[in-house]
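The values are calculated or read from the model by the stated rules, or taken from the named source; none is laboratory data. As the structure is a computational prediction, the values presented were derived from the model and not from experiment. Cβ placement follows ideal geometry from the backbone for every residue including glycine, while neighbour counts extend to all protein chains displayed.
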């Protein structure tokens, strides 16, 4: 439930930001007639993402035998890769999103193309929506119930919509830089857990050799066991916690987490404008 809330909050906010920026620009330039195609494009994108996510979810749910852990392990590895790309892409592009979108909206307005406006919203929603569907499916791997994930995801979307409205209304109280930095750290922790989960799934069917060594085993402590406690399940869903991890699971977690987290924190480090202005220029 914890990661479902986080990922839908983050992905939902990325969608809400795109829609809010487009609508705010249309309002500011007195082109409210463009609202209808934007909402139409957003709705079509949402339906397409839901359809694709449903197909994948049903297909994975119908698997049995060795096909199930192989597919779940593959999804875990793919999701970890996409998550890693996502947080670094956002860290690099966040400051340019507003200007880029407004330029595209202006081009569409000059051409008088309602289809172009709808396309901007459609692409944003379907891209983020399909990413969210992949992450939601990956968050249910090894979980006993999908209901909590659905509740957490719905709550995340609701808050994202609220923040998006504040952005549309011109509120300056939303610190998006801090939001994406904090959630980025948590997403990286989850991606590390996904890699460990993927290793576990592949070890179950012998695709990855195991040293048969558990670095620790605290299964006897009920509140730390994901299979017997809500807290343990929360830790497993958000950070990939295991009560009895193999050596390989811990190894891939650490090998991924340390360099990726250090690189992300360095890239998103806040540099005061005055300090940046005093920095010496470099030449190629």
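Quick grid of which residues meet (1) crowded, with 20+ Cβ neighbours inside 10 Å; (2) touching a residue at least 24 places away in the same chain (Cβ under 8 Å); (3) under 22 Å from residue 156 (Cβ atoms):
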residue: 89; (1), (2), (3): no, no, yes
residue: 92; (1), (2), (3): no, yes, no
residue: 96; (1), (2), (3): no, no, no
residue: 103; (1), (2), (3): no, no, no
residue: 112; (1), (2), (3): no, no, no
residue: 117; (1), (2), (3): yes, yes, no
residue: 121; (1), (2), (3): yes, yes, yes
residue: 129; (1), (2), (3): yes, yes, yes
residue: 137; (1), (2), (3): yes, yes, yes
Filter the range 218-244 for residues that are without any contact (Cβ under 8 Å) to a residue 24 or more places away in the chain and assigned to a helix (DSSP H, G or I); the one that is surrounded by the most Cβ atoms within 10 Å (Cβ to Cβ) is 232
Restricting the range 21-37 to residues that are surrounded by 14 or more Cβ atoms within 10 Å (Cβ to Cβ) and within 12 Å of residue 109 (Cβ to Cβ), which is nearest to the chain's Cα centre (by Cα)? 22
Number of the condition not met by residue 110 [criteria: (1) more than 20 Å from residue 46 (Cβ to Cβ); (2) at pLDDT below 85]: (2)
